[in-house]
Amino acid sequence: MSEVKIAAETRTEFGKGAARRVRREDKVPGVLYGHGSDPIHLTFPGHELLLALRTPNVLIALDIDGKSNELAIPKSVQRDPLKGFLVHVDLQLVTRGEKVQVEIPVQAEGELAPGGNLLEYVLDALPVEAEATHIPEGVTVSVEGLEAGASVLAKDIKLPSGVTLAVEEDAVVLQVLAAQAEEASEGAAEGEEAAEA
């Protein structure tokens, strides 16, 4: 995983009014915490941070006030529910070689068995533990030929080297459900016939 370099400035003003002023300047308020140190309140360039956060679990190399360089990963990202712009971000300090717990996206590939079955994502992100500088961008799971009632468990997913599960091995990640639309419409038709009789 590559690092994204972002310049950040320390923040001394807090509260809603200060946060609004920061956002009007196309910047994003945030907090950097971890390793037992006091939280550092920061301001990030809005556009650069938005682009960086398009990658799940992106590793961010922070240049804070041009003095200190820190590595961090996003822990909590708040967006405006209507317009989608960044409202606030929490970053966690990490060091090279340190293991961190993150959630990586799960993607399915392949065709289910014929019959109009539906694939349900029980977990759309898989909790794993990985080295901070080697977090996988996601995992792909084959669902080729799976029939109704079949499921994919966490232990069935092949993880990259150095990555371990941070969830129960028997946790269901994906499951195949039988299509129920026809059964529901047949049940409704039977109910109408009973009402007419």
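Comparing Pro29, Pro114, Pro160 in a Gaussian network model of the chain where C-alpha atoms under 10 Å apart are linked, the largest mean-square fluctuation is found at Pro114.
For the range 1-103, the Cα-based Rg and Dmax, in that order, read 13.1, 39 Å. How would the range 46-141 be classified by its alpha-carbon gyration tensor: rounded, prolate or oblate, with rounded meaning a/c under 1.5 and the a/b versus b/c comparison settling the rest? It is oblate, given that a/c is not under 1.5 and a/b is not larger than b/c. Taking all protein chains as shown and a probe of 1.4 angstrom, Asp26 keeps an accessible surface of around 100 Å².
Set the Förster distance to 22 Å, then compute FRET efficiency between Ala18 and Val77 from the Cβ-Cβ distance, nearest 0.05. The calculated FRET efficiency here is 0.70. Using a cutoff of 8 angstrom between alpha carbon atoms and counting only pairs six or more residues apart, the relative contact order for the range 1-64 works out to 50 percent. In the chain, with Lys and Arg counted as +1 and Asp and Glu as -1 at Cβ, which of these residues, Val139, Ala52, Tyr121, has the Cα nearest the positive end of the dipole, that is, farthest along it? Toward the positive end, the furthest listed residue is Ala52.
With the Cα gyration tensor of the range 80-185 giving a ≥ b ≥ c as the square roots of its eigenvalues, does the rule (a/c under 1.5 for rounded; else a/b larger than b/c for prolate; else oblate) give rounded, prolate or oblate? Oblate, because a/c is 1.5 or more while a/b does not exceed b/c.
Of the beta bridges DSSP finds with both residues in the chain, what % are antiparallel, to the nearest 5? Beta bridges within the chain, antiparallel portion: roughly 75 percent. Residues Ser161, Ser76, ordered by accessible area of protein heavy atoms at a 1.4 angstrom probe radius and largest first, appear as Ser161, Ser76. If you wrap the tightest convex hull around every Cα atom of the chain and split its volume per residue, you get 184 Å³. Considering only C-alpha atoms, what is the centroid distance from the range 69-91 to the range 110-125, in Å? If you average the Cα positions of each part, the centres end up 31 Å apart.
When +1 charges are put on Lys and Arg Cβ atoms and -1 charges on Asp and Glu Cβ atoms, the dipole computed for the range 17-167 relative to its Cα centre reaches about 680 debye. Of the listed residues Thr133, Thr10, the order by accessible area with a 1.4 Å probe, largest first, is Thr10, Thr133.
Taking a ≥ b ≥ c as the square roots of the eigenvalues of the alpha carbon gyration tensor, the range 62-102 is oblate, as a/c is not under 1.5 and a/b does not beat b/c.
Compared with the dominant Cα axis of the chain, that is its longest principal axis, helix 181-196 is turned about 50°. The DSSP beta bridges internal to the range 1-72 are antiparallel in roughly 70% of cases.
Rolling a 1.4 Å probe over the protein heavy atoms leaves Leu112 with an accessible area of roughly 40 Å². A helix-only calculation puts the chain at -5000 deg cm²/dmol for mean residue ellipticity at 222 nm, using -39500 (n - 2.57) for each DSSP H run of at least four residues, averaged over all residues.
Of His134, His47, His88, the residue with the greatest mean-square motion in the GNM of the chain, using alpha carbon springs below 10 Å, is His47.
The values are calculated or read from the model by the stated rules, or taken from the named source; none is laboratory data. Worth saying up front: this structure is predicted, and the values here are computed from it rather than measured. Don't worry about glycine lacking a Cβ; one is built from the backbone with ideal geometry, like all the others, and counts go over all protein chains shown. Surface accessibility is based on the protein's heavy atoms, side chains included, excluding ligands, DNA and RNA. Shrake-Rupley method; radii C 1.70, N 1.55, O 1.52, S 1.80 Å.
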